[in-house]
1. Can you sort 436, 355 by how many other beta carbons sit within 10 Å, fewest first?
2. Rounded to the nearest angstrom and ordered from largest down, what semi-axes does the equivalent ellipsoid of region 149-266 get from its C-alpha gyration tensor (root of 5λ)?
3. If R0 is 30 Å, what FRET efficiency do you get for residue 50 and residue 334 from their C-beta distance, rounded to 0.05?
4. Within region 185-220, list the residues whose amide N lies under 15 Å from a label point set 7 Å along Cα→Cβ of residue 265.
5. I want to make sure I understand the PRE zone here: with the label point 7 angstrom from the Cα of residue 7 toward its beta carbon, which residues in region 55-69 have backbone N atoms less than 19 Å away?
6. With r as the distance between the Cβ atoms of residue 158 and residue 18 and R0 = 35 Å, compute the FRET efficiency 1/(1 + (r/R0)^6) and round to 0.05.
7. Taking 56 Å as R0, compute the FRET efficiency from the Cβ-Cβ separation of residue 326 and residue 101 and round it to 0.05.
8. Please say if region 299-389 is rounded, prolate or oblate, where rounded means a/c under 1.5 for a ≥ b ≥ c the square roots of the C-alpha gyration tensor eigenvalues, and otherwise the choice is prolate for a/b larger than b/c and oblate otherwise?
Ligand SMILES: Nc1nc2c(ncn2[C@@H]2O[C@@H]3COP(=O)(O)O[C@H]3[C@H]2O)c(=O)[nH]1
Ligand SMILES: [Zn+2]
């Protein structure tokens, strides 16, 4: 059996460790833990020279002094079994102390209440740290556990590139003709469940939307070019908790559903429907997972490039036209110059309208034309198109609870990640993203009351059928989260008939 010799830099020292290739994963970890002077509840990370993470396991590749790895203690493992008993123990001691003080003094001193509240808040934080896993801070070592109890050879980890190519192959091999009538009909409604579809399938469904709205014939789009375009769009969404390709799919699907439900095909030109659907598809391209406020406060490249004016939305739109600029992806290439100009101007307006900092401005404009709305008026149409993209963008709560609730978890994960980073960097902390200030119910009750209902009600005035498809589910969600909020405050929740 071969012996591995691993050279690594830890705490500024160049060290080496030696172990047999058949020793256990736990032994290897202990070896490096000792070298890093880390306890059992610390998480170690090993990096190779190009900065990528390498798994600390018996399969670690031998290296030389020149090609040493870098070993770092990145965090306390808050899931560690050692942590919970310690906390529980502390909590018990606190309770004991409290009852003693209560006996002697007759009341719980303020300092004690403060301590208890700190303890509660710390426990809550511990329970919600999984969000850090997506940035690679917490490394799942399930892989090693699996290889211990399973005789199957380990599946090599696919690189992002390989994974995308697999999605591409699957997408191209699946014909949109295979999508049944039933699914096609379902796709036209807000009850469509995105969680049941994998990425390649979502690409096929997006293709179906373009085909079924007759965009291919109307704008002379070759199927292969559409597929290249959709695939590039998929590649330009980041693997982040909320603003990812699944979100892009949901927003586009909601836009598609709204077009059918409101019979917009009979009210607007096909070119405007194309603008709306393509804007929905592109509206969050290359979202980094940190919002405009962060971009501006952290003075990121995007904020500098766009002078603090809707940096993200400007970027999403620029990325969209960057994709369209590639001839093999250019679904606009067979259009006349006027059509191209119309689509480009329309998409820019719709994508920039998704900046929530402009929410009131756009909603107020829509309200002011509501009573005299005219589908042949250019200005009215433009406002409606912006409203439709905005509604689709924030429409998760109009979906069935089983579809909507996981989206809220994803959103809060991204929010909390931002506020954690803001705290770490000493930047102003965005209050609605602060894990110490918001909860699922509190976040949703205000968002539904102050953002969703006013916006959806306004659109429902123009299209009464949306009462059933948008307003009713959102009202139900408000009731659900209001009850949860009351329950969390210890109030009695009245039973619903
Ligand atoms: N609290 C809450 N905010 C939402 C929800 N859906 C969308 N948003 C917010 O609305 C914003 C729309 O634009 P962004 O994508 O920048 O970020 C989104 C979130 O901040 C939701 O269901 N709940
Ligand atoms: Zn969005």
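1. Arranged by neighbour count, lowest to highest, 436, 355 become 436, 355.
2. 28, 17, 14
3. 0.10
4. Residues passing the 15 Å test: 185-189, 208-219.
5. What the label zone holds, given the 19 Å backbone N cut-off, is 60-69.
6. Result of the calculation: an efficiency of 0.65.
7. 0.20
8. oblate
Every number here is computed from the coordinates shown, using simple stated rules; none is lab data. Treat the numbers as computed from the prediction; the structure is a model and nothing was measured. Cβ sites come from the backbone with ideal geometry, for glycine too, and all protein chains shown count toward neighbours.
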